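Participant: Could you have a look at this structure, given as structure tokens, before my questions?
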Amino acid sequence: MTIEAVASTAQTFLKSHIRKNDFFTPDDELDPNDASSARLHFFRALPHPKLPNTIMYTFSYGRAFSEGDDELQELVQGCLDALKQAHPEVSQFDIHIRLQAG
């Protein structure tokens, strides 16, 4: 599979995985009228423009976190572990994680 095809598969999986897990947000924190109340969103996966053989995964996090929070890092790693288990082909490419406040 090409890096573009694997990135597309990863993007579809991660968006669905996070949505199925209610954005990893407890019900009492989730406000359907405020996207920043969700703890984790997945934005996109694409070939990194400067690093060959690397897929850049862009996640956005809600107001419950700041970029260096251990819990945020654990959620992202858990999502990537689930991706690798469901789609082992992603492991043929390096990973670059980008986090942004949502």
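All of the numbers you see were taken from the coordinates with simple rules; none came from a lab. Quick caveat: nothing in here was measured; it's all calculated off a predicted structure. Note that we place each Cβ from the backbone using ideal geometry, even for glycine, and neighbour counts take in every protein chain shown.
Participant: Consider Gly68 against the criteria (1) farther than 15 Å from Glu89 by Cβ; (2) touching a residue at least 24 places away in the same chain (Cβ under 8 Å); (3) not in a helix (DSSP H, G or I): it satisfies all of them except one. Which criterion is unmet?
Facilitator: Single failed check for Gly68: (2).
Participant: Of these, Leu51, Leu99, Leu83, which one is surrounded by 14 or more Cβ atoms within 10 Å (Cβ to Cβ), outside any strand (DSSP E or B) and touching a residue at least 24 places away in the same chain (Cβ under 8 Å)?
Facilitator: Residue meeting the stated conditions: Leu83.
Participant: Also, quick follow-up: Which residues, counting only those in the stretch 55-90, are over 15 Å from the mean Cα position of the chain (by Cα) and among the polar types (S, T, N, Q)?
Facilitator: Of everything in the stretch 55-90, just one residue is over 15 Å from the mean Cα position of the chain (by Cα) and among the polar types (S, T, N, Q), namely Ser66.
Participant: Return the residues of the stretch 25-49 that are within 27 Å of Gln92 (Cβ to Cβ) and touching a helix residue (DSSP H, G or I) at 6+ places or on another chain (Cβ under 8 Å); say none if nothing qualifies.
Facilitator: Leu40, His41, Phe42, Arg44, Ala45, Leu46, Pro47
Participant: Please enumerate the residues belonging to the stretch 6-55 that are of a type in the set (Gly, Ala, Ser) and touching a strand residue (DSSP E or B) at 6+ places or on another chain (Cβ under 7 Å).
Facilitator: Of everything in the stretch 6-55, those that are of a type in the set (Gly, Ala, Ser) and touching a strand residue (DSSP E or B) at 6+ places or on another chain (Cβ under 7 Å) turn out to be Ala7, Ala10, Ala45.
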